[in-house]
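Encoded as structure tokens, the structure appears first; notes follow it.
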Amino acid sequence: MTLSSKPGPIGVFDSGYGGLTILHELRKALPEYDYLYLGDNARAPYGARSYDVVYQFTRQAVNKLFNLGCHLVILACNTASAKALRTIQQRDLPTWDAQRRVLGVIRPTAEIVGSLTKTRHVGVLATEGTIRSKSYNLEIAKLHPDITIVGQECPLWAAIVEAGEADSAGADFFVRQRIGTLLEKDPKIDTVLLGCTHYPLLMHTIRKHIPPHIKIVEQGKYVSESLKSYLARHPEIEEKTTKNGSVSCLTTENEEKFIEKTRIFLKEDLQVAHIDLE
């Protein structure tokens, strides 16, 4: 495909709405840049889908963002980062445009965890797809082979957030249940990674049920810090990003529904348009 060489916004992709928490942190850390968020909300969630399907869907989204002028795309989705990032980087970018970049959310979190844990026992709370992919285990093992990783699937947490029930009694029950199971698996855990972009909206409840000596790691902060460092180290990418402080959103679902969800995740309304990926 022939892509425009003109500078464009930073693309941010998620299967649904959780990536809005990453977008929020990116805008806080790097407010001068333009952002184009794409949510494949019509086909979400990706968590239980196969590697092939997640790759196909993510590839379509990245391709669309490239065609819309992005030179850099952040996969603000743990499932897409786990199941599609490497294949897109190795197979697709060389044929599309070797000068473009796609980055994920797992690597920045894996990089920081070594400086946070003292016991070298780390827990991961995430969706079924992310836990079963063992992507955190593999990525952390490359960087910190002495760390023991224990994962815990939290299948209902994202749905609770999207339903606007983060402060409900039901949320409290399911959060307490899954955290209890995780800490029973390994009482030595002193650091817990939130491996799903929805989970920061459950932070009040999560903190209530995780002992105070255990550190809780939210991805957004570290992804934004990693991007800031990446742009400083790669001026050839940085100069291809536009800087007007703008943000716009695309959804494969209904625009009004997306706007309703942005009020849950961002407490603001954003410019939203419908888009088809297939």
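Can you name the residue in region 72-102 that is assigned to a loop (DSSP other than H, G, I, E, B) and open to solvent by less than 10 Å² (accessible area, probe 1.4 Å) and, of all such residues, is farthest from Arg27 (Cα to Cα)?
Kept after step one, since they are assigned to a loop (DSSP other than H, G, I, E, B), are these residues of region 72-102: 76-77, 84, 97-100.
Narrowing the set further to residues that are open to solvent by less than 10 Å² (accessible area, probe 1.4 Å) leaves 76-77, 84, 100.
Working: Ala76: 13, Cys77: 17, Ala84: 25, Arg100: 21 Å.
Per the stated criteria, the residue is Ala84.
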- Of all residues making up region 110-137, the number that are among the polar types (S, T, N, Q) and within 13 Å of Ser81 (Cα to Cα): 4
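Can you tell which of Asn67, Asn78, Asn63 is out of contact with any helix residue (DSSP H, G or I) (no Cβ under 9 Å at 6 or more places or on another chain) and touching a residue at least 12 places away in the same chain (Cβ under 8 Å)? Even if it seems obvious, please write down each step before you answer.
Values: Asn78 fails: out of contact with any helix residue (DSSP H, G or I) (no Cβ under 9 Å at 6 or more places or on another chain); Asn63 fails: out of contact with any helix residue (DSSP H, G or I) (no Cβ under 9 Å at 6 or more places or on another chain).
That would be Asn67, the only listed residue that is out of contact with any helix residue (DSSP H, G or I) (no Cβ under 9 Å at 6 or more places or on another chain) and touching a residue at least 12 places away in the same chain (Cβ under 8 Å).
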- The residue that is nearest to Gln219 (Cα to Cα), considering only those in region 103-128 that are open to solvent by 60 Å² or more (accessible area, probe 1.4 Å) and in a loop (DSSP other than H, G, I, E, B), is Ser115
- Note on the structure: Given (1) β-branched (Val, Ile, Thr); (2) within 25 Å of Pro235 (Cβ to Cβ); (3) at pLDDT 95 or above, Thr2 misses just (3)
- Item | For Ser229: the one exception among (1) farther than 19 Å from Tyr37 by Cβ; (2) part of a strand (DSSP E or B); (3) among the hydroxyl-bearing types (Ser, Thr, Tyr) | (2)
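Within region 263-278, which residues are in contact with an Asp or Glu (Cβ under 8 Å, 6 or more places away or on another chain) and either open to solvent by 50 Å² or more (accessible area, probe 1.4 Å) or without any contact (Cβ under 8 Å) to a residue 24 or more places away in the chain (or both)? So that I can check it myself, show each step before the final result.
From region 263-278, those in contact with an Asp or Glu (Cβ under 8 Å, 6 or more places away or on another chain) are 263-264, 272-274, 277; that's our starting set.
Answer for region 263-278, where residues must be in contact with an Asp or Glu (Cβ under 8 Å, 6 or more places away or on another chain) and either open to solvent by 50 Å² or more (accessible area, probe 1.4 Å) or without any contact (Cβ under 8 Å) to a residue 24 or more places away in the chain (or both): Arg263, His274.
Please go through region 236-262 and pick out each residue that is within 30 Å of Val53 (Cβ to Cβ), assigned to a helix (DSSP H, G or I) and either open to solvent by 50 Å² or more (accessible area, probe 1.4 Å) or touching a helix residue (DSSP H, G or I) at 6+ places or on another chain (Cβ under 6 Å) (or both). Show your work before the answer.
Here is the first cut: in region 236-262, the ones within 30 Å of Val53 (Cβ to Cβ) are 237, 247-262.
This time we only want the ones that are assigned to a helix (DSSP H, G or I), so: 237, 255-262.
Those that are within 30 Å of Val53 (Cβ to Cβ), assigned to a helix (DSSP H, G or I) and either open to solvent by 50 Å² or more (accessible area, probe 1.4 Å) or touching a helix residue (DSSP H, G or I) at 6+ places or on another chain (Cβ under 6 Å) (or both): Glu255, Glu256, Lys257, Glu260.
Does any residue of region 15-22 turn out to be under 18 Å from Tyr222 (Cβ atoms) and either in a loop (DSSP other than H, G, I, E, B) or free of Cβ contacts under 8 Å to residues at least 24 places away in the same chain (or both)? Spell out how you get there, then give the answer.
Narrowing region 15-22 to residues under 18 Å from Tyr222 (Cβ atoms): 18-22.
Checking the rest, the ones that are also either in a loop (DSSP other than H, G, I, E, B) or free of Cβ contacts under 8 Å to residues at least 24 places away in the same chain (or both) come to 18.
Looking through region 15-22, at least one residue is under 18 Å from Tyr222 (Cβ atoms) and either in a loop (DSSP other than H, G, I, E, B) or free of Cβ contacts under 8 Å to residues at least 24 places away in the same chain (or both).
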- Note on the structure: Given the conditions (1) surrounded by 15 or more Cβ atoms within 10 Å (Cβ to Cβ); (2) more than 16 Å from the chain's Cα centre (by Cα), every one holds for Ile131 apart from (2)
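What number of residues within region 63-97 satisfy the criterion of being among the β-branched types (Val, Ile, Thr) and either within 18 Å of Val223 (Cα to Cα) or touching a Cys at 6+ places or on another chain (Cβ under 7 Å) (or both)?
Result for region 63-97: 3.
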- Query: Among all residue pairs at least 6 apart or on different chains, which show Cβ distances below 7 Å where the first residue, located in region 138-152, is among the charged types (D, E, K, R) and the second is open to solvent by 30 Å² or more (accessible area, probe 1.4 Å)?
  - Reply: Glu139/Arg107; Asp146/Arg120
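To keep it simple, each residue is scored yes or no on (1) assigned to a strand (DSSP E or B); (2) of a type outside the set (Val, Ile, Thr); (3) open to solvent by 60 Å² or more (accessible area, probe 1.4 Å).
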{"site": "Leu38", "(1), (2), (3)": "yes, yes, no"}
{"site": "Tyr46", "(1), (2), (3)": "no, yes, no"}
{"site": "Arg49", "(1), (2), (3)": "no, yes, yes"}
{"site": "Asp52", "(1), (2), (3)": "no, yes, yes"}
{"site": "Tyr55", "(1), (2), (3)": "no, yes, no"}
{"site": "Arg59", "(1), (2), (3)": "no, yes, yes"}
{"site": "Val62", "(1), (2), (3)": "no, no, no"}
{"site": "Phe66", "(1), (2), (3)": "no, yes, no"}
{"site": "Cys70", "(1), (2), (3)": "no, yes, no"}
- Message: Within region 204-228, take every residue that is in contact with a helix residue (DSSP H, G or I) (Cβ under 7 Å, 6 or more places away or on another chain) and open to solvent by 40 Å² or more (accessible area, probe 1.4 Å) and give me the one that is farthest from Glu238 (Cα to Cα).
- Response: His209
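Go through region 160-203 and report how many residues are open to solvent by 60 Å² or more (accessible area, probe 1.4 Å) and assigned to a helix (DSSP H, G or I).
Residues of region 160-203 that are open to solvent by 60 Å² or more (accessible area, probe 1.4 Å), as a first pass: 163, 165, 167, 169, 173-174, 176-178, 184-185, 187-188.
Those still in the list that are assigned to a helix (DSSP H, G or I) too: 169, 173-174, 176-178, 184-185.
The qualifying residues number 8.
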- Hey, can you tell me all the residues within region 80-130 that are among the acidic types (Asp, Glu) and over 24 Å from Ala44 (Cβ atoms)? Asp97, Glu111
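The values are calculated or read from the model by the stated rules, or taken from the named source; none is laboratory data. Computed from a predicted model, the values in this text were never measured in an experiment. Quick reminder, even Gly has a Cβ in these numbers, built from the backbone with ideal geometry, and neighbours come from all protein chains shown. SASA here: full protein model, heavy atoms, side chains in, ligands and nucleic acids out. Shrake-Rupley method; radii C 1.70, N 1.55, O 1.52, S 1.80 Å.
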